[in-house]
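Structure first, commentary second.
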Amino acid sequence: MPVYLLDGGSYPVQVFGRRSDRSVFPLTGSPQNKTFAFDLNSSQSTFLFQQGLNPLANVSAVHWDPSSGAALPEISLATFNLGNFSSIPSWSVSSQTGLTGVNSELAVSPISTSSALQVKGDQVGVFIDTATAPVDPAEPKKVINFIKKWNSSNIRPWGGSYGENASLCTGFHAAVPVSSYGSQAGAFASTAFYLWDLNTGSDYNFFVYEVVYYFGGGYNQEWIRFDAPPGVGAPHVLTYAGPTTRWATTGKNSNYLQASTWTSDKYFSFCVSKEQMSDVVKAVNKRNGSNFSVEKLHLDLALMGAEVSTAPYGASHARMAARYGQWFVRMLK
C-alpha cells in the first residue's frame, strides 16, 4: 500500500533504524519541541479522562465489534480483522501480556493460543495472533484499540476555553512483552486522537493524530499518511516519542520510542501545543487540499492501539502482546 507524503511523491512504507538513529532523518525547519513539566499534577491542568476513575470489571461489557453496526460506546475495546472474541480462554493469556489477577478475559479460541483481551480495573491487556485470524487479502492490518469516546462536540482543545496557548496531553504506563513477525509483516503500538472540523466542506472532515511509542526495528520519522490519494481519504498524521520531534512534545519523565520488547511497565507522555497543531494543520491542508482550522477542531475520541500488519494473503504471520494502565487525557494551559 503506498503512502502519500508531503512532497507529492508516493513511496512504500519504510521502517528505519533504532532509537539511537533519530538524527538520520532531520526535519525541515526548527523543532518546536518545548520542555513541559506536565508529568506533575498542576492547577493548570483540566483532565478530560482518567482511566483510574473508569475501572473496567468485565471485558464483555466493553468489547465492541465495528461490524455490528452499533454505535461506539463511551469506553470500548475494539477489534478489527481478528475473529470472534467469544470464548473464555483455558490457556494463560497472562503468559503473553504479563497482566495477572485479571477480572475478565475473552479470546478467539478457548483451548489454544489466540488473540485475546483482558481487563483489570485501570489496566488492559491485549494479545494479537494473526495465525488464528481470518485471512483478508485486501486488509492485512489486524488491530486492537482501547478507545475513549466523548459524546459531545464541545471539547475544542484550541478554541480558547482552555487558554490561548493550550496543549492537549496524554500519559500512560505500557509494556510490549511480545512482538514477532515474519517477512513483509510488522508490529507497532501508539496512542492517537481523532480530531474533527465540521466546517471543512469535505466528506473527510476529520484527521487522525498519532504518536508512536513502539515500532519493531525502530522508527524515526514524522509524516502524513493517506491510505487513499489525498482528497479521497482521511489524513493520518504520525509522529513519535523523541526529543526533537516537530509535531509533538515528549514529557520530561517519559520514555522515548522503543524498538524492542520490554516486560516491566514504562511511562510515556506527550503534548501537542496549539503552535504544533497549527503546523500540522497547515501541512495537512497543503497536501490534502482541505480547510481544517485549529480553533474549530474538536476532540472526538482518543485511543491506545496495538497493530500488526501481515504479508498479503496470510503468507506470514505476526504476534504481539501489550498492556496499558493509568491512562489519562488532559488539557494543559
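The values are calculated or read from the model by the stated rules, or taken from the named source; none is laboratory data. All values derive from a computational prediction rather than experimental measurement. In this analysis, Cβ positions are derived from the backbone assuming ideal geometry, glycine residues included, and neighbour counts consider all displayed protein chains.
Things to note:
- The one condition in (1) surrounded by fewer than 15 Cβ atoms within 10 Å (Cβ to Cβ); (2) hydrophobic (A, V, I, L, M, F, W, C); (3) in contact with a Gly (Cβ under 8 Å, 6 or more places away or on another chain) that LEU198 fails to fulfil: (3)
- Listed by position, the strands (runs of 3 or more DSSP E) inside segment 235-329 whose residues that are under 14 Å from the mean Cα position of the chain (by Cα) and among the small types (Gly, Ala, Ser) number at least 1 are 262-273, 298-309.
- Segment 100-132 - residue that is surrounded by fewer than 24 Cβ atoms within 10 Å (Cβ to Cβ) and of a type in the set (Ser, Thr, Tyr) and, of those, modelled with the lowest pLDDT: THR132
- Counted residues, segment 141-150 - those being over 15 Å from the mean Cα position of the chain (by Cα) and buried (at least 23 other Cβ atoms within 10 Å of the Cβ): 0
- Where strands (runs of 3 or more DSSP E) fall entirely within segment 48-163, those with at least 1 residues that are of a type in the set (Gly, Ala, Ser) are at 75-80, 104-107, 116-120, 123-129.
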